Amino acid sequence: MRGHVAKKGNRYYAVVYEGTDPATGKERRRWYQGGATRREAERVLTELVKRMHDGDYRSPERITLGDYLVERWLPVRKTQVGHSTYASYRQTINSHVLPRIGMIPLQRLTPEDLEGFYADLLTEGRLNGGGGGLSPKTVRNIHGMLHKALADACRKGTVQRNVAGLADPPRVRRRSAMTVWDAAQLRQFLAEIEDHPLGTAFHLAAHTGMRRGEVLGLQWSDVDLDAARLSVHQAVTNVAYEKRLGDVKTETGRRMVDLDARTVDVLRAWRKTQIAEHQLTGRRWSEDGFVFARPDGEPIHPDYVSQCFERHLAKSSLPRIRLHDLRHTHATILLKAGVPVKVVSERLGHSSPAFTMTVYQHVLPGMQAEAARVFGEAMFSEKAT
């Protein structure tokens with residue numbers, strides 16, 4: 001395969017030779033958009049030449065959306081995202097994209113094709129026996145995946161424009177009010193669940209705001225009881241109903257979490273219980289072992305933990321919440337107690353305090369009212385100068 005870089009106007013292009021047109025006898029050359037610099041065009045040309053040598057090069061008119069997603073985009077994303085994210089992409093493409101619009105040539109895909117696809121998902125997207133449509137949020141997530149995939153295709157010169165950027169995804173309804181417990185309800189739950197085999201795990205989740213997978217991925221080597229802190233750096237996830245142990249998704253997710261004295265005592269007691277159980281079964285206890293594990297030492301499946309939580313609430317007088325809402329409860333109690341948003345954000349492993357404020361904006365009105373009261377008292381107290 002021969003090719004070169006050419007400039008037209010203010011843009012650079014990768015120009016490749018595709019053989020001779022049998023009808024006219026003239027050489028066929030195809031121009032691929034490279035970018036604003038020669039180096040960007042050279043990268044595109046290098047990629048095209050590699051595809052040709054690997055036998056993977058096809059004229060853009062012959063590449064369908066499905067071909068591109070399955071053969072080119074997914075293999076690259078597999079090396080760049082976590083197991084659960086990749087599994088979600090693959091399932092979405094196989095279950096929704098390929099059957100409906102996967103056969104459309106990539107070069108001929110239009111914004112209207114995508115909008116029709118989204119409308120179909122909203123009315124008939126469910127795959128279970130009950131039928132029905134997907135939620136607007138789910139469809140918007142699918143749109144986000146396609147937008148990223150087509151942006152990559154545009155950047156590499158496979159298409160000239162990202163049509164997903166021109167399509168209108170469905171609007172997501174305003175988030176419903178978050179359901180959390182107050183401190184008294186959380187105390188009741190922890191008292192009720194104390195003797196459950198997973199009681200310590202629920203206590204740790206409630207007192208640290210750690211995610212389900214982060215609690216299950218915790219090893220004793222990550223816990224420093226003398227310093228009253230632990231390190232979060234890995235999590236157990238559910239990928240196609242199989243558990244996977246891997247790193248947390250983001251750099252901010254890797255964090256140190258300080259522990260209160262009560263939680264340190266609970267973990268010390270749990271550690272003694274676990275060591276005693278190992279001695280009874282003849283298994284060797286290890287500092288590298290999981291804090292919460294099955295009898296064989298393997299991590300507990302995340303779904304099992306959620307099921308235990310839901311079964312307990314089914315027979316409790318407490319309001320029904322999700323297991324993940326223990327994390328929201330932890331954050332809400334801290335914010336209402338006046339803990340700075342930045343500290344709460346770091347404790348939860350959020351990307352920024354701004355994100356924390358967006359998630360927990362329901363708490364802010366009460367905080368502002370308290371701030372107004374404190375300011376008024378400070379202004380007109382006898383000590384004010």
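The values are calculated or read from the model by the stated rules, or taken from the named source; none is laboratory data. Since the model is a prediction, treat every value here as computed from it, not as a measurement. Cβ coordinates were reconstructed from backbone atoms using ideal geometry, including for glycine residues, and neighbour counts include every protein chain displayed.
Overview of values
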| item | result |
| --- | --- |
| Glu251 being more than 25 Å from the chain's Cα centre (by Cα), in the same structural domain as Arg187 (by TED's automatic domain parsing), acidic (Asp, Glu) and more than 21 Å from Glu194 (Cα to Cα) | no |
| Enumerated strands (runs of 3 or more DSSP E) restricted to region 199-279, each holding at least 3 residues that are among the aliphatic types (A, V, I, L, M) and closer than 27 Å to Leu313 by Cβ | 234-239 |
| Count of residues meeting criterion [at pLDDT 95 or above, within 24 Å of Leu245 (Cα to Cα) and surrounded by 16 or more Cβ atoms within 10 Å (Cβ to Cβ)] in region 302-324 | 4 |
| Check on Ala227, more than 19 Å from Arg212 (Cβ to Cβ) and in contact (Cβ under 8 Å) with a residue 24 or more places away in the chain | no |
| First in region 310-322 and small (Gly, Ala, Ser), second anywhere and part of a loop (DSSP other than H, G, I, E, B) and loosely packed, with under 11 Cβ neighbours inside 10 Å, Cβ under 9 Å, 6 or more apart | Ala314/Arg320 |
| Any hit, region 22-30, residues being at pLDDT 75 or above, under 22 Å from Arg161 (Cα atoms), touching a helix residue (DSSP H, G or I) at 6+ places or on another chain (Cβ under 7 Å) and surrounded by 11 or more Cβ atoms within 10 Å (Cβ to Cβ) | no |
| Any chance Leu114 is modelled with pLDDT of 90 or more, surrounded by 13 or more Cβ atoms within 10 Å (Cβ to Cβ) and among the hydrophobic types (A, V, I, L, M, F, W, C) | yes |
| Any chance Pro353 is modelled with pLDDT under 95, under 20 Å from Gly253 (Cβ atoms) and touching a Gly at 6+ places or on another chain (Cβ under 7 Å) | no |
| Selection count where residues are loosely packed, with under 11 Cβ neighbours inside 10 Å and not in a loop (DSSP other than H, G, I, E, B), scope region 280-301 | 2 |
| Filter result for the condition that a residue is under 23 Å from the mean Cα position of the chain (by Cα) and over 27 Å from Tyr32 (Cα atoms), over Pro169, Pro99 | Pro169 |
| Region 136-166 - residue that is modelled with pLDDT under 90 and assigned to a loop (DSSP other than H, G, I, E, B) and, of those, surrounded by the most Cβ atoms within 10 Å (Cβ to Cβ) | Gly157 |
| Matching residues, region 278-298, being at pLDDT 85 or above, of a type outside the set (A, V, I, L, M, F, W, C) and either within 17 Å of Gln234 (Cα to Cα) or not assigned by TED's automatic domain parsing to the domain that holds Thr200 (or both) | Asp288, Gly289, Gly297, Glu298 |
